[in-house]
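Values quoted throughout were computed directly from the atomic coordinates according to the rules given, and no laboratory measurement underlies them. The structure displayed is predicted, hence computed values, not measured ones. Using ideal geometry, Cβ is built from the backbone for each residue, glycine included, and neighbour counts are taken over all protein chains shown.
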């Protein structure tokens, strides 16, 4: 068998193969005999038709079976002989496919192409110039946080001896029927909470539910605007019946030392609460700055080290991103069966550029890990599992059991290896402290969490699978309330 290897690009390989006729004869004879033994030919008893008749009558079927039997074996031999490791399934192209003979009278020629991992030179990563920017915590931000904590402690207190007024919360069972379809399925909502005067509530609800009392029934009609946010209600007129179950007013605690102590979080006074919350905000800002720094370092590393990335890895990562996006939509209540195919295609195409960045970054970090002699010990893996268990309030054994369905603790090993490689990258960089820039205003928004680490980790899984392929070749009540609000009281 003759083979010729062509390097089409850094990631594309093509093998031209010529299989001699002798290598086809045995397969041709055995396949012909198989057809002869099972074929029924007019004029002959089953299994007794002459071989030549069988070969004429089943010419194309025999040809297909011979090629299917011989070609994969010969292609595999050629790949092993040339010590190649395909990332993708080899694609076979037979020359002169229409006239090719498989009886052994002449050789057959084909070429095979597939993708391989490129040879990546050691990246230039020492001395990357980076700027670390920490967002300053403003006093207003602290006060907003305290206000939110107060709101969390607020309680709905039933009002007495007066009807509802703006600012109150009315809880009602609601039924609405469309004017143009009174016998159709009604809009229903149990325990619907309507805060009178709230800007997110349809004004007609506030107007009609002011002045009501507990156990009262109220009928009213709402005509929705043509451009109303809910398509099902836009331009429609709905007749509502409301059974008032309660009327209450939100009461928030008084902002003082006693309230701070009542939180049971170790605060000794309101001043102490402010001091510690501000410290928490500043700590978060520092961590956010570090995450941005890591992300910027990877981005700069990618920009300064160009090489061709295998398309099969980009496609795999893009599918991972798309699957994550789909799961997020589903968690938000989107019916995926109603999502248009062109939207899915558009989303996938948009994710390809991010996928390429993820794969490229993972490959570069792997090289840095090699250069920095990054190593992960079993003790470090156990320590990381213990941290994850504490975070999810589980036992290390439960985490390990969960990991078994995801490839075992190798995932943890890859995560730690990536993290250490990023640390090696940062350690060699030239870092200066700079003023804060709000990148969300008129600038590209950087990732502000540990996504800088997480994405390369996920790609590492895809690469691990690819390498394996190489070796083979070689709260429930709140939900109905919210849903009802969306339907009727937006």
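The P(r) of the range 232-314 has a tail past 16 Å containing 78 percent of all C-alpha pairs. In this rough spin-label picture, where each label sits 7 Å from Cα along the Cβ direction, the residue 147-residue 307 distance is 5.3 nm. Figure legend: label point modelled 7 angstrom from the Cα of residue 109 along Cα→Cβ; residues of the range 79-101 with amide N under 14 Å from it are 93-101. Judged by the mean number of other Cβ atoms found within 10 Å, the most tightly packed of the peptides 422-428, 348-354, 330-336 leads the ranking 422-428, 348-354, 330-336.
With R₀ fixed at 25 Å, the C-beta to C-beta distance from residue 287 to residue 315 puts the FRET efficiency at about 0.15. Computed as a quarter of the hull surface, the mean projected area of the alpha carbon convex hull for the chain stands at 38.9 nm².
In the range 15-167, inverting the average of 1/r over every pair of distinct C-alpha atoms gives 23.1 Å as the Kirkwood radius. Each principal axis of the Cα atoms in the range 155-251 has its own extent, and those three values, largest first, are 39, 25, 19 angstrom.
Between residue 339 and residue 210, what is the FRET efficiency for a Förster distance of 56 Å, r being their Cβ-Cβ separation, to the nearest 0.05? Between residue 339 and residue 210 the formula returns 0.85.
From the alpha carbon centroid of the range 247-261 to that of the range 48-73 is 87 Å. Round to a whole angstrom and tell me the spacing of the C-alpha centers of the range 145-219 and the range 331-391. Computed from Cα coordinates, the inter-centre distance equals 44 Å. Note on the chain: helix-only mean residue ellipticity at 222 nm, from DSSP H runs of 4+ residues weighted -39500 (n - 2.57) and normalised by residue number, equals -16000 deg cm²/dmol.
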